[in-house]
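The values are calculated or read from the model by the stated rules, or taken from the named source; none is laboratory data. Keep in mind it's a predicted model, so treat the numbers as computed, not measured. Here the Cβ is made from the backbone with ideal geometry for all residues, glycine too, and neighbour counts use every protein chain on show. All accessible areas refer to the heavy atoms of the entire protein, side chains included, with ligands and DNA or RNA removed. Shrake-Rupley method; radii C 1.70, N 1.55, O 1.52, S 1.80 Å.
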There are 2 protein chains.
Amino acid sequence: MLILGIDPGSRYCGYGLLQYEGRKVVAAGCDLIDVSKIPDLSERLCVLHDRLSEVIREHKPDQAAMETMFFNKHVQSIFTLGHARGVLLLTLAQNSIPVAEYSPREIKKAVVGNGNANKQQVRFMVSSIFKLSNKQLKDDAYDALAVAFCQFNRTRFMK
Amino acid sequence: MLILGIDPGSRYCGYGLLQYEGRKVVAAGCDLIDVSKIPDLSERLCVLHDRLSEVIREHKPDQAAMETMFFNKHVQSIFTLGHARGVLLLTLAQNSIPVAEYSPREIKKAVVGNGNANKQQVRFMVSSIFKLSNKQLKDDAYDALAVAFCQFNRTRFMK
């Protein structure tokens, strides 16, 4: 089974692929869709859609997991993040990939064991779980693997 | 020239087509994309994308106009509205239709002459401009024609 974790953003969108069989879990790849250089929002959304479609075509994930919103951001950021998330959810639905959504708190709890953990702790745990060197990944790619791990955890305990 | 006006929403999305030649302007159709019965947001976004794509294929608008956000709504509504707007902007961009965005205030000013006009005044003016009977249209379709008219007005004065 392959889980596609997504850390949504309208400028940087991290994704991470987690492969598992029973209790064994490995990171099967992760990267950042960087559209920060494109000034126009509509064009950014188009590239996000195209790039995520490519990732799906290439890896054929069975399920996806995505972070919900941080409520403490500025309302304009929430609105723009909504645009990106809408396009990402559309892309998953067009490819019939079911998506689970998790709050930042749920993700931190699954990865670190503490819903109030900071970003460094999450990244440290993602590195240890997946045996990655600390400097290998971009920030949003760590977060994408974290949300995929949260979904893996949920699936494991629901069996 | 054909302008597609869009009143975005994640449950009801109004659209209106405005045809103009010089100063002569007519409503060339309008309707509501009603996805309110679909409980799942991802599925609603898919239907929004498909229905708007159909409207574009059928009518081939030259340009589009869309309302920006109401800042006075609840943050969760703004977030969800962002999802719908993201998908609508993507659909327009995929069809290479340039889109102009207007605030509710700009739209009211263009249609009624007063940025603080209420919904009834906007609808009354849309009915008179386009010679529509008052009961013909659904609310969001009026608003979509209003935003298209705002774009027409802008285009006219920029000549």
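Taking the numbered list (1) touching a residue at least 60 places away in the same chain (Cβ under 8 Å); (2) of a type outside the set (S, T, N, Q); (3) surrounded by fewer than 20 Cβ atoms within 10 Å (Cβ to Cβ); (4) away from chain B (no Cβ under 13 Å) in turn, A:Ile97 passes all entries but (4). Annotation: of all residues in region B:100-112 being touching a strand residue (DSSP E or B) at 6+ places or on another chain (Cβ under 8 Å), open to solvent by less than 50 Å² (accessible area, probe 1.4 Å) and not small (Gly, Ala, Ser), the one that is nearest to A:Leu41 (Cα to Cα) is B:Tyr102.
Among the residues examined, A:Phe70 qualifies as modelled with pLDDT under 95, of a type outside the set (A, V, I, L, M) and either within 18 Å of A:Asp140 (Cβ to Cβ) or open to solvent by 60 Å² or more (accessible area, probe 1.4 Å) (or both). Counting only strands (runs of 3 or more DSSP E) that fall entirely inside region B:1-64 and contain at least 3 residues that are hydrophobic (A, V, I, L, M, F, W, C) and open to solvent by less than 20 Å² (accessible area, probe 1.4 Å), the qualifying elements are B:2-7, B:12-21. Screening A:Gly86 against (1) touching a Gly at 6+ places or on another chain (Cβ under 8 Å); (2) open to solvent by 30 Å² or more (accessible area, probe 1.4 Å); (3) closer than 30 Å to B:Ala93 by Cα leaves a single unmet condition, (2). In this structure, A:Leu145 does not satisfy being surrounded by 24 or more Cβ atoms within 10 Å (Cβ to Cβ) and within 14 Å of chain B (Cβ to nearest Cβ). Among the residues in region B:4-21, are any over 16 Å from the mean Cα position of the chain (by Cα) and more than 30 Å from B:Phe157 (Cβ to Cβ)? No, region B:4-21 contains no residue that is over 16 Å from the mean Cα position of the chain (by Cα) and more than 30 Å from B:Phe157 (Cβ to Cβ).
When region B:36-48 is filtered for residues that are in contact (Cβ under 8 Å) with a residue 12 or more places away in the chain and either over 19 Å from A:His83 (Cβ atoms) or in contact with a Leu (Cβ under 6 Å, 6 or more places away or on another chain) (or both), the ones remaining, listed by number, are B:Ser36, B:Leu45. State all residues of region A:33-60 that are away from chain B (no Cβ under 13 Å) and touching a helix residue (DSSP H, G or I) at 6+ places or on another chain (Cβ under 8 Å); if no residue qualifies, say none. Scanning region A:33-60 gives A:Ile33, A:Ile56.
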